[in-house]
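For reference, the structure discussed in these notes is given below.
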Amino acid sequence: MGKECCECKKKQRSEEEYKALINRLNRIEGQVRGVKKMVETDTYCTDILVQVSAINAALNAFNRELLANHIRTCVADDIKSGKDETIDELVATLQKLMK
C-alpha cells in the first residue's frame, strides 16, 4: 500500500466554498502586506506584534473552515466508500496542525 503524493489528490470545491476560502486568503494577504508596510515605516514593535497575532488568528480560522469542509466531504465520502486509511491521514493532519 503506497502513500499517494499530494499532487495526485484533488478537491472539487463548490463555488460557495471556493469564494469563502479565497476571500479569507485575500484578507490575510492584505494583513501581511500591512505588516510589511509597518516594518518598512518603522512602526513600534508591539503594534506589529498585535497585527501578527491577528494574522495568526485569521490563519487559524481559515484552517478550521478548511478542516471542517474536508471532514464533511472528503473524509465522510472516503469512509462511506470503505477507505478507512483516510482516518489515519486525518489523524496525521491533526497532529501536524496541533504542533
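Read the figures in this text as sums done on the coordinates, not as results from a lab. Model, not experiment: these values are computed from the prediction. Cβ coordinates were reconstructed from backbone atoms using ideal geometry, including for glycine residues, and neighbour counts include every protein chain displayed.
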Inter-residue pairs, beta-carbon under 6 Å, first closer than 18 Å to Ala20 by Cα and in the stretch 46-61, second surrounded by 11 or more Cβ atoms within 10 Å (Cβ to Cβ) and of a type in the set (A, V, I, L, M, F, W, C), 6+ apart: Ala58/Ile28
So Ala20, is it under 16 Å from the mean Cα position of the chain (by Cα) and not hydroxyl-bearing (Ser, Thr, Tyr): yes
